[in-house]
Amino acid sequence: MKISAALIMKNEEENLPRLLKSLQGKFDEIVVVDTGSTDRSIEIAKEFGCKIYEKEWNGFADARNYAISKCKGDLIWHFDADFELEEKEFEKFSKLLSVIASSDLLTYTIKVKNFNAYGMVSGISSQAFIHKNTPEVYWEGNIHEKLNQRVSLALPIFINHYGYQDYSLNLQKLERNKKLIQKDLELYRYKDEQEYFIKLFYMLQTLAIESSYNFELAKQGEHYIQEYMQLREKCRDVDHLEFFVNYGFVYIADIYQAQKKFQKALSYLGKILDEGYDHPDIFYHKATIEEYLGQKQNAKESYIKALIAMDKIVASVYTGVVDTLFQLYSFIEHKSTNIFEENDIERLQKRWKKERSKSLGLLLVQLYTDPLKKERLLRKIDAIFDDEWTKSFLLKHYALQNHPARIDIAYATLEKNPYHMLANKIIGLYMYENKQYKKAWRYLKNTLIFSKDPLLLEVLIDILHHLGLPEEASRLQSLKK
């Protein structure tokens with residue numbers, strides 16, 4: 001099968017080199033549709049040998065469909081400019097091509113790992129980004145666009161997404177998204193009830209996120225909540241709407257929580273739990289509200305259920321969305337000792353032995369006061385699960401002690417996540433102290449993707465001077481202003 005990579009973009013000069021470098025040599029062609037760039041995006045795409053087309057902006061689906069019309073491959077894989085395809089994931093994909101070729105299905109879903117400003121995965125989502133090149137398949141929607149096929153084959157493939165680092169840009173995107181969603185709501189109101197319901201879901205999502213920045217915006221949600229709940233009853237038995245029917249309660253709770261209507265938020269979370277939807281994000285939101293209300297025992301149980309549910313869903317490559325992934329690990333690390341006490345340890349130990357939940361084990365690590373006991377359990381969890389998050393906890397444990405083993409653990413962490421901020425920082429600074437400037441640059445430059453820490457910038461500027469690159473040093477100097 002010939003495979004086309006398809007990309008729509010506008011002013012993506014910062015993200016584009018990372019994506020195109022990760023695609024180079026893997027696809028038969030890279031088709032780029034530019035919707036009005038005024039920076040170096042088109043020039044960069046040309047440098048990577050992309051086929052470039054220009055198109056006036058008329059919504060996301062319109063741009064992606066134009067890209068499809070220019071693709072020659074049998075299979076098309078769509079990307080955003082702030083994505084990155086790791087070598088190991090493409091290798092997995094290549095091994096599945098025979099399955100795709102023989103499948104009657106036309107579209108294929110992959111998982112998206114959303115990275116935050118610490119170089120850690122803050123959440124996991126999924127979308128059908130791959131499809132066979134046939135007129136039967138096309139994109140729909142001005143925003144939160146999706147392929148028109150109802151059923152997709154879920155592939156155990158992950159893509160990296162780095163679009164959540166810029167706070168001000170995210171706010172601009174939210175306002176843009178809200179206008180486009182409103183446009184779609186008007187489009188589907190009397191045309192397609194199910195699509196209208198999906199757009200209501202995305203409006204609730206946008207308002208929930210905006211409410212975390214400005215609680216006044218939460219008041220706009222009441223009308224949409226009422227519409228969502230009324231239409232939900234008609235959509236409950238539609239298979240492809242299952243996620244939208246259930247997960248909307250997370251955003252409804254967020255909107256009420258922002259208005260300090262805690263009991264109302266809890267009533268919605270309780271309703272969806274009663275229906276059997278035991279998603280970690282539901283338990284996490286319930287726990288945070290119970291904690292705020294001083295319902296400590298309830299909060300403890302909800303946090304435990306969230307952690308166990310998270311481990312189960314993350315262990316499956318077919319997981320849909322885990323928005324609270326980073327919040328849950330952050331809770332373990334920073335807030336768990338505010339909720340759990342020494343007298344909880346014995347009960348948690350019994351549950352850890354029974355459940356073998358990685359997150360419960362990490363929770364116990366945080367509650368232990370004996371450093372040796374912490375390290376032993378961390379080592380045990382790491383041996384069992386061997387994943388990025390366990391190594392990250394172990395790395396922080398050693399970093400606090402300035403332990404020599406921190407270097408080896410940092411390398412092991414980078415094997416799981418090459419952009420892990422702390423691991424890159426530890427190795428980079430170690431190389432810098434030992435005057436190994438090329439190696440120091442290799443690791444510390446990765447921190448620039450997520451952070452413009454002035455102290456690290458000073459080190460990077462000094463490294464570039466040592467490497468005889470004064471122009472590059474001047475460019476970094478400008479980032480400090």
Odd one out for Ile409 among (1) among the β-branched types (Val, Ile, Thr); (2) within 20 Å of Lys335 (Cα to Cα); (3) at pLDDT 95 or above:
(2)
Just wondering, is there one or more residues in the range 354-371 that are assigned to a helix (DSSP H, G or I) and of a type in the set (Asp, Glu)?
yes
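Give the residue that is nearest to His420 (Cα to Cα), with candidates limited to residues of the range 83-96 that are in contact with a strand residue (DSSP E or B) (Cβ under 8 Å, 6 or more places away or on another chain) and in a helix (DSSP H, G or I). Give the steps one after another, and end with the answer.
Taking the range 83-96 first, the residues in contact with a strand residue (DSSP E or B) (Cβ under 8 Å, 6 or more places away or on another chain) are 83-86, 89, 92-93, 96.
Still in the running and in a helix (DSSP H, G or I): 89, 92-93.
On the way: Glu89: 18, Lys92: 22, Phe93: 24 Å.
The residue in question is Glu89.
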Residue that is modelled with the highest pLDDT, among those in the range 147-163 that are farther than 19 Å from Ala101 by Cβ and surrounded by fewer than 17 Cβ atoms within 10 Å (Cβ to Cβ):
Asn148
Residue check, Phe60 against (1) out of contact with any Gly (no Cβ under 6 Å at 6 or more places or on another chain); (2) farther than 26 Å from Asp39 by Cα, all met but one. Which one?
(2)
Extreme residue, farthest from Tyr419 (Cα to Cα), among residues of the range 106-135 that are of a type in the set (Ser, Thr, Tyr) and part of a strand (DSSP E or B)
Thr107
Which of the residues belonging to the range 296-318 are within 24 Å of the chain's Cα centre (by Cα) and either crowded, with 17+ Cβ neighbours inside 10 Å or at positive phi (or both)?
Ser302, Tyr303, Ile304, Lys305, Ala306, Leu307, Ile308, Ala309, Met310, Asp311, Ile313, Val314
Considering only residues of the range 276-292 that are outside any helix (DSSP H, G or I) and more than 21 Å from Leu200 (Cα to Cα), which is modelled with the highest pLDDT?
Gly276
Residues within the range 53-81 that are farther than 18 Å from Gln149 by Cα, surrounded by fewer than 20 Cβ atoms within 10 Å (Cβ to Cβ) and not aromatic (Phe, Trp, Tyr), tallied
9
Going through the range 179-218 in order, the residues found to be free of Cβ contacts under 8 Å to residues at least 40 places away in the same chain, of a type in the set (S, T, N, Q) and in a helix (DSSP H, G or I) are Gln182, Thr206
Would you confirm whether any residue within the range 342-359 is touching an Asp or Glu at 6+ places or on another chain (Cβ under 9 Å) and under 23 Å from Leu400 (Cβ atoms)?
yes
Please state which one of Leu293, Leu328 is buried (at least 21 other Cβ atoms within 10 Å of the Cβ) and not assigned by TED's automatic domain parsing to the domain that holds Gly248.
Leu328
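The values are calculated or read from the model by the stated rules, or taken from the named source; none is laboratory data. Small disclaimer: the values here were computed from a predicted structure and weren't measured. As a convention, Cβ positions derive from the backbone with ideal geometry for all residues, glycine included, and neighbour counts pool all protein chains shown.
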